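Peer 1: What follows is a single structure, and I will ask about it in a moment.
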Amino acid sequence: MSGSSENIIKEVSAVWSRLFDHRPFLQGEINFFLKEFEEKRGEREVEKLFEILEKSTEIKDSQIDKVKHSSATTLPELHDILNQSNQLSDQVLNARITYDPEASLKEKCKSLEASNKQFDEDLVEKYKAVDETFAEKEKLVREYYQQLSEKLNQSVHL
């Protein structure tokens, strides 16, 4: 019985391996996938390398001379513009260093005081003009009402 039980165990083990042990199948699928992937990737990489080689050759043949020519004409202009910018920034920096905020503030205060004084003088003159006009109109209105009062008194006495 030990021989037959060993056979049964071997057969059950073989059946179990065929049904549930997927390692050989998975290993085959993985190997197939890797082979396909590497072939496709290799072709794509070779194509990309050829494209890069073509572009670099084209740049070497045509673009380098253009870049040299354009840089020969534009770089001196750019250098001059940068020098001018540098000089302007130095002037601004020097002006900022020599700027005295207290002196500027005093000058602005004096200017403001003079402006306020002129404003006050103009305001006083306008007040005087308004007062004079008011007094004149008041005088005219008094005279008018006095005349009316006199006419009224005359018409009452008649």
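The numbers here are math on the coordinates, done by the rules we state, and not lab data. These figures come from a predicted structure and were not determined experimentally. Quick reminder, even Gly has a Cβ in these numbers, built from the backbone with ideal geometry, and neighbours come from all protein chains shown.
Peer 1: Please give the contour-minus-distance gain from LYS128 to GLN63: 0.36 nm per residue of separation, less the Cα-Cα distance, rounded to one decimal in nm.
Peer 2: Extra length available between LYS128 and GLN63 comes to 15.0 nm.
Peer 1: Just tell me which lysines come within less than 19 Å, Cα to Cα, of LYS128; anything on the same chain fewer than 8 places away is out.
Peer 2: LYS117, LYS137, LYS139
Peer 1: Here's a follow-up. For Cα extents along the principal axes in Å, which listed value, (1) 167, 66, 38; (2) 49, 29, 25; (3) 63, 36, 25, comes from the coordinates shown?
Peer 2: So the structure-derived entry is (1).
Peer 1: Shifting gears a bit: What nm distance separates the two modelled labels at VAL141 and LEU26, each placed 7 Å from Cα along Cα→Cβ?
Peer 2: 11.2
Peer 1: Taking the Cα centre as origin and putting +1 on Lys and Arg beta-carbons and -1 on Asp and Glu beta-carbons, what dipole magnitude results for the chain, to the nearest 20 debye?
Peer 2: Roughly 320 debye for the chain.
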